[in-house]
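As structure tokens, the structure follows; a few thoughts come after it.
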Amino acid sequence: MEILKFSKSHLDFQERLKTFMDREVVPNIETWEKEKKVPKSVWKKMGENKFLCPSLPAEYGGIGGDFLHSVIVIKELARTNHNGLAAFIHSDIVVPYIESYGSVDLKQKYLPLCVSGDMITAVAMTEPDAGSDLAAMTTTAVEKGDHVVINGAKTFISNGVNCDLAVLAAKDPKEKNPHKAVSLYLVESKTPRFKKGEPLEKMGWKSQDTAELFFNDCMIPKQNRLGKKGAGFKMLMAKLQQERLVCVVSAVFFCENMLEWTIGYLKEKKRGKKLAIHSQAARFALVEMATQAKMARVFMEKLVSEHMKKKDVIIETSMGKYYTTDLVKRTSLRCLELIGDYGSLEECPIARTFRDTRVMSIFAGTNEIMKEIIARFTLS
Amino acid sequence: MDFDLKGSQKEIQKAAREFAKGEFDKDLAANLDKEENFPEALWKKAARLGLVGLHLDGAGLSLVDQVLVAEQFCAVDSSLGSSILSACRGAECLYLSGDASLKETFLERVLEGQILSTCAFAEPGGDPDLSDITTTAIQRDKMLTLNGKKEYVVNGVLAGCFIVLCRVLSEDGSGAEPCLVLVEKKTKGVLIKPKTEKLGCRMIPVADMEFCDVAVPLSNMVGKPGTGLVQAKNFLSIEQVSKAAMVLGMALGALQRSLAHTRLRKQFNQAIAAFEVTRHKFADMAMRIRMARLLTLEAAFDIDRNMIRGKHDETLAAMALFQAAKTAVHVTDESVQLLGGYGYMAEYEVERFYRDAKSIEITQPAGLHLKEIVAKKLIGKIRAA
């Protein structure tokens with residue numbers, strides 16, 4: 001049933017990454033979850049080993065890979081069962097804005113640092129009063145001579161504390177049409193009057209440094225604008241296909257991992273005279289979940305393959321995002337039911353997966369927004 | 001047939017609501033959840049006001065009253081409410097079957113908020129119906145010597161007394177009748193191994209236990225020899241209803257929070273609560289809560305009226321917990337979604353309500369076992385053809 005074909009070099013990349021995760025990531029996760037962030041040094045090591053931005057070409061220090069490398073990174077990160085080291089946000093969601101819309105100068109300046117792990121990136125879109133309704137954003141960018149002055153606040157920003165460079169969406173206060181008012185800018189975190197909040201206390205993604213960002217008369221060079229002035233909305237929409245696809249890929253792998261673990265647990269767990277796995281009800285539940293996960297896997301692989309052919313699959317990706325992030329939640333809830341008492345302890349890995357995956361139907365466009373998009377495209 | 005609460009019940013409901021609203025503090029709850037600590041001062045205060053184990057006062061049980069308190073407490077705060085309500089866990093066994101001396105020595109102290117109580121029934125790898133208990137108590141003269149292991153004991157390190165399900169044997173090894181025996185924490189040979197870092201209900205500690213030649217006086221036996229399993233099942237029915245009430249409160253509390261949030265927050269120029277799908281989500285949640293609540297009150301009412309005569313219907317309690325827990329997980333989950341990014345943040349509380357409800361749903365007695373209780377009675381024995 002596999003649609004995606006991984007080459008020898010993909011598989012070598014995966015082997016190297018697996019070893020790296022087992023050595024550099026897995027032993028530290030408990031500490032990172034307590035510290036509410038991962039150290040920058042692990043990002044740097046990821047970069048040194050060419051695991052960041054794998055699809056960037058050699059001129060920027062990349063390995064010139066493709067989206068299958070990204071799929072591998074997402075898969076191996078899912079296997080570690082944590083989300084602090086959210087490399088896919090950097091590699092597959094933020095850096096593509098610079099690659100697609102940055103000037104030659106910006107690309108030459110920043111992309112090598114993104115590949116090497118010297119710069120961690122974040123995308124700053126969401127605001128306290130502009131979540132699903134992005135057009136309601138109030139952060140302003142006023143171009144004055146050679147500079148742009150930014151004012152406003154962003155929230156729920158992944159990699160917020162660690163980021164060295166942010167892709168920021170801000171509005172020209174003079175432009176009344178909200179869809180023509182937004183531009184994207186690159187803002188270095190060392191810019192004066194750019195402040196970061198503390199990592200937010202969340203249900204899950206504990207080791208991820210999600211934070212608020214504040215801009216108070218923050219001045220950046222005008223050259224740091226990505227693409228044309230006022231084209232921000234278009235650029236955001238264009239990049240959302242890949243962002244949502246990343247969610248689909250991740251959700252499917254988390255489903256598979258949870259099932260594998262739960263089946264292993266029930267095979268060992270005695271309940272009275274029989275093993276838990278011998279319960280017919282448990283077996284049917286597992287089979288139902290495995291069926292759903294398999295169908296999701298095939299759909300995900302098809303989406304990845306179409307995406308790699310540069311096809312417009314925004315509707316199907318939205319369907320995938322809604323379905324798989326909902327599925328990963330339902331799978332976690334059901335696995336916990338089958339596991340029982342042990343699932344109520346954090347030492348059970350499914351407890352963390354349950355907490356971590358719950359955000360997936362909220363971020364990158366809530367599932368309600370996904371349904372709105374699908375309805376708009378298919379029912380009008 | 002009367003669906004209205006009596007005047008005294010309305011007063012209890014009001015007292016519980018006022019206590020919780022006045023005393024439960026949001027920051028305290030967030031901190032205790034984070035640190036996995038029990039709200040000791042609040043528990044003592046609630047006990048002083050008679051709100052701990054108020055169903056164990058007077059003649060017979062008044063579990064309906066307990067349901068009303070649990071709902072109010074857990075709606076105001078899922079974790080503070082459930083931990084205070086669980087403090088007197090198992091005291092029902094003393095109340096229903098303990099002799100005067102056990103009641104005086106232990107039950108009173110539990111109800112006054114001096115010690116926490118609990119039951120220790122389940123054993124590692126055991127059948128959820130408790131039919132294969134292996135913990136033994138060997139009787140010699142006026143003493144019992146306990147040996148065995150128990151798992152997932154609620155209130156773990158905090159409880160001052162444990163009501164242990166075991167088999168009482170005479171010295172020659174004969175007997176093996178299931179009994180309940182009260183064991184004080186301070187007794188030599190009681191080992192408590194806390195299980196820390198819980199997913200939810202983090203203010204309620206849980207532990208595994210081991211009894212190594214634990215000597216207790218024969219007078220610590222709760223009820224007559226051989227009644228252990230019946231008493232244990234009665235307690236579990238009571239606990240199922242208590243837990244159903246707690247998760248119902250959690251559902252109500254989450255509903256109130258998501259309602260407040262979506263009525264205020266505007267996206268696309270209208271309140272989120274004005275969107276049709278949101279409105280119908282609320283309608284659906286309200287319907288589920290109502291159904292689970294009716295079932296829970298019926299199960300409590302049935303226990304109050306019939307348990308003492310052994311005539312209660314144990315399937316009602318199982319149905320109530322199953323449906324209430326499903327409802328609570330659904331409503332708290334929807335509330336997280338309705339609050340969007342804020343729902344995922346600890347500050348907005350619903351994620352904690354969600355973890356708490358989910359924890360109660362998956363810890364015994366739960367899921368498949370509850371369905372078995374219902375199916376067993378409904379289908380009965382099937383005769384071989």
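Read-outs throughout are calculated quantities, based only on the coordinates presented, and are distinct from any laboratory measurement. Source: prediction; values computed, not measured. Note that each Cβ is placed from the backbone with ideal geometry, even for glycine, and that neighbours are counted across all protein chains shown.
With +1 assigned to the C-beta of every Lys and Arg and -1 to the C-beta of every Asp and Glu, and no other charges, what is the dipole magnitude of chain B about the Cα centre in debye, to the nearest 20? Mind showing how you got there, number by number?
Numbers: 49 positive and 50 negative charges, 137 e Å.
Taking the Cα centre of chain B as origin, the dipole is about 660 debye.
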(request) Quick one: go through segment A:344-365 and flag any residue whose amide nitrogen is under 20 Å from the point 7 Å out along the Cα-to-Cβ line of A:Met295. (result) A:361
(message) Return the equivalent ellipsoid semi-axes of segment B:229-379 as a descending list in whole Å, where each equals the square root of 5 times an eigenvalue of the C-alpha gyration tensor.
(response) 34, 14, 12
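Rounded to the nearest 20 debye, what is the charge dipole size of segment B:7-111 about its Cα centre when +1 sits on each Lys and Arg Cβ and -1 on each Asp and Glu Cβ?
Details: 12 positive and 17 negative charges, 41 e Å.
That gives segment B:7-111 a dipole magnitude of about 200 debye.
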(message) Place a point 7 Å from Cα of B:Thr134 in the direction of its Cβ. Which residues in segment B:142-174 have their backbone N less than 20 Å from it?
(response) B:145-153, B:164-170, B:173-174
(request) Would you list, by chain and number, the lysines whose Cα falls below 16 Å from the Cα of B:Lys326, excluding same-chain residues fewer than 8 positions away? (result) A:Lys329, B:Lys243, B:Lys281, B:Lys358, B:Lys371
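Using Cβ contacts closer than 10 Å as the measure, can you line up B:Asp356, B:Asp333 from fewest to most?
Working: B:Asp356 32, B:Asp333 23.
By the 10 Å Cβ count, ascending: B:Asp333, B:Asp356.
Longer than 21 Å from Cα to Cα, which of A:Lys270/B:Lys34; A:Lys270/B:Lys149; A:Lys75/A:Lys154 are they? Say none if no pair is. Please list the in-between numbers first.
Numbers: A:Lys270/B:Lys34 32 Å; A:Lys270/B:Lys149 15 Å; A:Lys75/A:Lys154 29 Å.
Cα-Cα > 21 Å for A:Lys270/B:Lys34; A:Lys75/A:Lys154; rest within.
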(request) Tell me what chain A gives for mean residue ellipticity at 222 nm when only DSSP H runs of n ≥ 4 count, each as -39,500 (n - 2.57), the sum divided by the residue total, rounded to 500 deg cm²/dmol. (result) -15500 deg cm²/dmol
(request) Starting from the eigenvalues of the Cα gyration tensor, five times each then square-rooted, give me the equivalent ellipsoid semi-axes of chain A, largest first, whole Å. (result) 36, 22, 21
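Send over the per residue convex hull volume for segment B:116-228, Cα only, as a whole number of Å³.
Given the Cα convex hull of segment B:116-228, per-residue volume reads 99 Å³.
Take the Cα atoms of segment A:167-315, build their convex hull, and give its volume per residue in Å³.
Details: hull volume 27.2 nm³, N = 149.
So the per-residue Cα hull volume is 182 Å³.
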(request) Can you give me the three principal axis dimensions of the protein assembly as shown from its C-alpha atoms, in Å, biggest first? (result) 93, 58, 54
(message) Regarding segment B:328-385, what's the average projected area of the Cα-atom convex hull, expressed in nm²?
(response) 5.3 nm²
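What is the calculated FRET efficiency for B:Leu49 to A:Asp217, with r their C-beta to C-beta distance and R₀ = 51 Å, to the nearest 0.05?
Values: r = 54 Å, r/R0 = 1.07.
The pair B:Leu49/A:Asp217 has a calculated efficiency of 0.40.
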(request) For chain B, with a Gaussian network of springs between Cα atoms less than 10 Å apart, report the residue from B:Gly125, B:Gly90, B:Gly175 with the top mean-square fluctuation. (result) B:Gly125
(request) Pull up the cross-link candidates among the aspartates and glutamates for A:Lys371, meaning alpha carbon to alpha carbon under 15 Å and not fewer than 8 places away within one chain. (result) A:Asp133, A:Glu316, A:Asp326, B:Glu276
(request) Take the alpha-carbon centre of segment B:1-78, take the same for segment A:92-106, and report the distance between them in whole Å. (result) 57 Å
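Which whole number gives the average count of other chain Cβ atoms within 10 Å of the Cβ atoms across peptide B:192-205?
Values: counts 0, 0, 0, 6, 3, 5, 5, 12, 3, 1, 2, 0, 0, 0.
Taking all residues of B:192-205 together, the mean is 3.
Using 1/(1 + (r/R0)^6) with R0 = 41 angstrom and r between the beta carbons of B:Asp313 and B:Val157, what's the FRET efficiency to the nearest 0.05?
Values: r = 36 Å, r/R0 = 0.87.
Calculated transfer efficiency: 0.70.
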(request) Quickly work out the B:Glu177-to-B:Cys212 label distance, labels modelled 7 Å from Cα along the C-beta direction, and quote it in nm with one decimal. (result) 3.1 nm
(message) Please report the projected area of segment B:7-111's Cα convex hull averaged over all directions, in nm².
(response) 6.5 nm²
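Run the numbers on chain B and let me know its relative contact order in percent, using alpha-carbon pairs under 8 Å that are six or more apart. Before the final figure, lay out the partial values.
Values: 730 pairs, mean separation 66.0, N = 385.
Once divided by the residue count of chain B, the mean separation gives 17 percent.
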(message) If I histogram all Cα-Cα distances within segment A:104-213 using bins 10 Å wide from 0, what percent of pairs lands in each bin?
(response) 14, 43, 34, 9, 0
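Among the listed pairs B:Lys150/B:Lys233; B:Lys150/B:Lys195; A:Lys228/A:Lys321, give every one whose C-alpha distance is greater than 19 Å.
Working: B:Lys150/B:Lys233 17 Å; B:Lys150/B:Lys195 13 Å; A:Lys228/A:Lys321 29 Å.
Among B:Lys150/B:Lys233; B:Lys150/B:Lys195; A:Lys228/A:Lys321, the Cα-Cα distance tops 19 Å for A:Lys228/A:Lys321.
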(request) For A:Lys5, go through the aspartates and glutamates and keep the ones whose alpha-carbon is under 18 Å away, minus same-chain ones fewer than eight residues off. (result) A:Glu15, A:Asp66, A:Glu76, A:Glu301, A:Glu306
(request) Let me know the Rg and Dmax you get for segment A:234-379 when you use only its Cα atoms, in Å. (result) 17.1, 62
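Provide, as a two-decimal number, the C-alpha radius of gyration of segment A:8-119 over 2.2 N^0.38 Å, N being how many residues it has. Each step should come with its number before you reach the end.
Working: Rg = 13.7 Å, N = 112, 2.2 N^0.38 = 13.2 Å.
Against the empirical 2.2 N^0.38 Å value, I get 1.04 for segment A:8-119.
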(message) At 7 Å along Cα-to-Cβ for each site, give me the label-to-label distance between A:Phe284 and A:Arg23 in nm.
(response) 4.9 nm
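What's the FRET efficiency of B:Lys6 with B:Ile379 using the Cβ-Cβ distance as r and R₀ = 35 Å, to the nearest 0.05? Write down the numbers at each step before the final one.
Numbers: r = 37 Å, r/R0 = 1.05.
Calculated value: 0.40.
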(message) Based on alpha-carbon centroids, what's the gap between segment B:144-192 and segment B:193-254 in Å, whole number please?
(response) 13 Å
(request) Go through B:Cys201, A:Phe253, A:Met203 and say which Cα lies farthest out towards the positive end of the charge dipole of the protein assembly as shown; charges sit on Cβ, +1 for Lys and Arg, -1 for Asp and Glu. (result) A:Phe253
(message) Within a 10 angstrom radius of the beta carbon, how do B:Arg352, A:Arg16, A:Arg244 rank from fewest other beta carbons to most?
(response) A:Arg16, B:Arg352, A:Arg244
(request) Take the alpha-carbon centre of segment A:176-219, take the same for segment B:307-385, and report the distance between them in whole Å. (result) 41 Å
(request) Report the charge-dipole magnitude of chain A in Debye, nearest 20, computed about the Cα centre from +1 at each Lys and Arg Cβ and -1 at each Asp and Glu Cβ. (result) 480 debye
(message) Give me the one-decimal nm value for the distance between modelled label points at B:Arg305 and B:Asn31, 7 Å along each residue's Cα-to-Cβ direction.
(response) 4.7 nm
(message) From the helices alone, meaning DSSP H stretches of at least four residues, give me the mean residue ellipticity at 222 nm for chain B, per-run term -39500 (n - 2.57), in deg cm²/dmol to the nearest 500.
(response) -16000 deg cm²/dmol
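Compute the Rg to Rh ratio over chain B from the alpha carbon atoms, using the Kirkwood formula for Rh, and round to two decimal places. Walk me through the numbers on the way to the answer.
On the way: Rg = 21.2 Å, Rh = 21.4 Å.
A ratio of 0.99.
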(request) Just rank B:Met291, A:Met1, B:Met1, fewest to most, by other beta-carbon atoms within 10 angstrom. (result) B:Met1, A:Met1, B:Met291
